[in-house]
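Notes follow the structure.
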Amino acid sequence: MSEHTTTAPIPTLEIKNLVVEYRTEDGIVHAVNGLDLRIEKGKTLGLVGETGAGKTTTGLAILRLVAQPPGVIVDGSIHLNGENLLMKSEKEMEKIRGKQVSMIFQDPMTSLNPVTRVEDQIAEVIELHEHLSWNESLAKARDMLELVGIPGERGVDYPHQFSGGMKQRVVIAIALACSPQLLISDEPTTALDVTIQAQVLQLMKNLREKYQMSMLMITHDLGIVVEICDLVSIMYAGRVVEHGSLEDIFNNTRHPYTEGLFNSLPNLEDRKAKLKPIKGLMPDPSNLPPGCAFCPRCDYAMEICHTDKPGKVYRTEDHFVECHLYSEQNIGEKVIGK
Ligand code: SF4
């Protein structure tokens, strides 16, 4: 009789209790405060929140590119395919960046070298990681350009000869040149026109299928989340305050902050309806409130919210919320937005 043991597949990315600080002359900026994230192979997770929530710092921490000093990864673990990146030497990280994990930034010009032909910029990454000859790397670079919808012969051009959308395609070609298992995209379409945005998103979706890669999509735009994400983590003041599937977050919203993000979106059915922005501002990360960080802006705040930090409460195995309105016995019903 044979024994069957089932072991859970190793996720592409698993972050546990990540804490990142910036130690400045004016005090300690608490950018990421005990963050947990998990992305399975081939899945896309949207990391959503306002500016200053700690989203970009999280992306940079995965690549171990948090500027040191003043940035310090104080605690936690970041496992990529089962290996803790926080235990790697800088030399080992150089081999991992671009090969196993790549990042695309909002402004393509921050990633492109203005005085180098675009095919050379792609080929450099290929030559470094795949140990091909320069001519082979150049040939693959032109193939990558074709893959992102740019004729290979345009590879001899410089970045300024491309439009914004085309430049972002070049950046995507560089990021995917060595078929990384994880692609981190930080607001990749924010700087583009709406129609170009849609094309770039479609391209990313197609490439995700082709390469079977996992994606971490950092965005403030819930429209993009609907387009491309399987899972959503809502981030506030350096923590994930609600996490679930697209369906959970959109149809079974539990956290008042998530509700606030939805209420601040334009209503297409009632075009005259006024936008309801979330009142107030994100708290100063160098001076976070002692209890729930959302407390000063929350319409549902109770006494306990001012003093105690809420812990995770699970509605389902995959959907959790950090909010004192809920307990394990009382999370079936939505108590906000009624
Ligand atoms: Fe609002 Fe309290 Fe929930 Fe924070 S814990 S979101 S203050 S109800």
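Quick rundown of the values:
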read-out: For peptides 33-42, 225-234, sequence by mean Cβ density within 10 Å, most packed first; value: 225-234, 33-42
read-out: Compactness relative to 2.2 N^0.38 Å, alpha carbon Rg of region 140-231; value: 1.05
read-out: Approximate spin-label separation residue 193-residue 139, in nm, with each point projected 7 Å along Cα-to-Cβ; value: 3.7
read-out: Amide H contacts of residue 74 (H built 1.01 Å from N, under 5 Å, at least 5 apart or other chain); value: 19, 20, 21
read-out: Computed log₁₀ I(q)/I(0) - Debye formula, equal Cα scatterers, no solvent, region 172-222, q 0.16 Å⁻¹; value: -0.45
read-out: Net +/- balance of residues flanking residue 73 in space, Cβ distance below 11 Å, scoring K and R +1, D and E -1; value: -1
read-out: Coordinate range along principal axes, alpha carbons of region 247-338, Å, largest first; value: 40, 33, 20
read-out: Those aspartates and glutamates that a straight Cα-Cα span of less than 13 Å connects to residue 41, excepting residues fewer than 8 apart in one chain; value: 14, 209, 230
read-out: Helix-only [θ]222 nm of the chain, DSSP H runs n ≥ 4, -39500 (n - 2.57) each, per residue, nearest 500; value: -8500 deg cm²/dmol
read-out: Mean Cβ neighbour count within 10 Å, used as a protection proxy, ranking 55-64, 152-161 highest first; value: 55-64, 152-161
read-out: Per residue convex hull volume, Cα atoms of the chain, in Å³; value: 185
read-out: Local net charge near residue 8, Cβ-Cβ under 13 Å (Lys/Arg +1, Asp/Glu -1); value: -1
read-out: 5 angstrom amide H check on residue 286, placed H, neighbours 5+ away; value: 30
read-out: Radius ratio Rg over Rh of region 183-327, counting only Cα atoms, Kirkwood formula for Rh; value: 0.99
read-out: Cα-Cα over 29 Å, subset of 55/99; 99/309; 91/312; 55/91; value: 99/309; 91/312
read-out: Solvent-accessible area, 1.4 Å probe, carbon plus sulfur percent, for the chain; value: 52
read-out: Percentage of interatomic Cα-Cα distances in region 78-118 larger than 15 Å; value: 55
read-out: Residue-span extension gain [residue 16 to residue 220] - 0.36 nm each, minus C-alpha spacing; value: 71.2 nm
read-out: Scaled radius of gyration (Cα, divided by 2.2 N^0.38 Å) that region 50-131 gives; value: 1.24
read-out: Per residue solvent-accessible surface (Å²) - the chain, probe of 1.4 Å; value: 50
read-out: Over region 124-175 - Rg/Rh using Cα atoms and the Kirkwood inverse-distance radius; value: 0.97
read-out: Gyration tensor verdict on region 1-120 (Cα atoms; rounded if a/c is under 1.5, prolate if a/b is larger than b/c, oblate otherwise); value: oblate
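The values are calculated or read from the model by the stated rules, or taken from the named source; none is laboratory data. Values in this document were obtained by computation on a predicted structure and should not be read as measured data. When we count neighbours, we look across all protein chains shown, and the Cβ atoms used for this are built from the backbone with ideal geometry, even at glycine. The protein model used for the area step is the full one, side chains on, heavy atoms only, and it has no ligands, DNA or RNA in it. Shrake-Rupley method; radii C 1.70, N 1.55, O 1.52, S 1.80 Å.
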